Amino acid sequence: MSILHTVNKSPFQKNDLTSCLAHANDDDAVLMIEDGVYGAIKGTQAASQIAAAGATVFVLGVDLAARGISEDKVADGVSVVGYDGFVKLAAEHHAVNSWL
Amino acid sequence: MSEDMEDGGDIKKFMYMNRKAPYGTIYALEALEVVLIGAAFDQDVSLAFVDDGVFQLTKGQDTAGIGIKNFSPAFKALGDYDVTKLYVEKESLEERGLTADDLMDLVYEDEDDDWAEKPSIRLVSRDELKTVLAEQDVIMSF
């Protein structure tokens, strides 16, 4: 059974994203929201961890836009979704793990 | 979330995932409160201790000098509420210079085995914990 993980902390400040990626199974999804979206920036250590992870990784576009991070700064392998995509991901997975 | 989550009455697997040290923030104490409240609802409850969450279970906690209640003895009561599965991640212990010997001795009485006293703490690897997580219906992180 698969899990949607949400991460809302900057990976430059907290280890939530690192720990989440290490605990996610291959059929899980990880969605970066709020300050978590800083983890989507290409060329960072977080982006390397995402590239190495088995889970599918998403980022919430409105939170990127709010923070001035344009979508061309988003690392390869990270899909940008809207609130509708967030809802769809929640519905598609058996459980949601909201990392705090 | 799948349809079976909307059914009433059946037992679901609840996982409370603890990732924070006990006294710097209120998260750990609040998580324990939630577990004790949730235990009243006869669900299949597990706890996981990951990252700094493993510090919640160290033995010999003495908070007399900081004016905060030492809530670690409350973990010893979990067995009486049928909360008997405390998964502690080995990697998190090792990264912090701890071993299982540094943790409280937490036990429960197994009613299916003539009330034999058994350990509640289950040391698991990160990979083993991932498998346990995949089995859960509800996960709450603190």
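Odds and ends about this structure:
- Taken residue by residue, region A:20-39 has no member that is out of contact with any strand residue (DSSP E or B) (no Cβ under 9 Å at 6 or more places or on another chain), in contact (Cβ under 8 Å) with a residue 24 or more places away in the chain, more than 19 Å from residue B:126 (Cβ to Cβ) and not acidic (Asp, Glu).
- Within region B:102-142, the set of residues being of a type in the set (A, V, I, L, M) and within 14 Å of another protein chain (Cβ to nearest Cβ) comprises B:124, B:129, B:132, B:133, B:134, B:138, B:139, B:140.
- Filter result (within 14 Å of another protein chain (Cβ to nearest Cβ), touching a Phe, Trp or Tyr at 6+ places or on another chain (Cβ under 9 Å) and either of a type in the set (Ser, Thr, Tyr) or assigned to a helix (DSSP H, G or I) (or both)) within region A:55-100: A:86, A:89
- As a summary of the residue check, residue B:83 satisfies the conditions (1) more than 17 Å from residue B:108 (Cα to Cα); (2) aliphatic (A, V, I, L, M); (3) away from chain A (no Cβ under 13 Å) except for the one numbered (1).
- Top-ranked residue in region B:21-41 [being in contact (Cβ under 8 Å) with a residue 40 or more places away in the chain and not hydrophobic (A, V, I, L, M, F, W, C); ranked as surrounded by the fewest Cβ atoms within 10 Å (Cβ to Cβ)]: B:30
- Top-ranked residue of region A:7-30 - restricted to ones that are crowded, with 24+ Cβ neighbours inside 10 Å and outside any helix (DSSP H, G or I), ranked as modelled with the lowest pLDDT: A:11
The values are calculated or read from the model by the stated rules, or taken from the named source; none is laboratory data. A quick note: this is a predicted structure, and the numbers were derived from the prediction, not measured. Cβ: placed from backbone, ideal geometry, glycine included. Neighbour counts: every protein chain shown.
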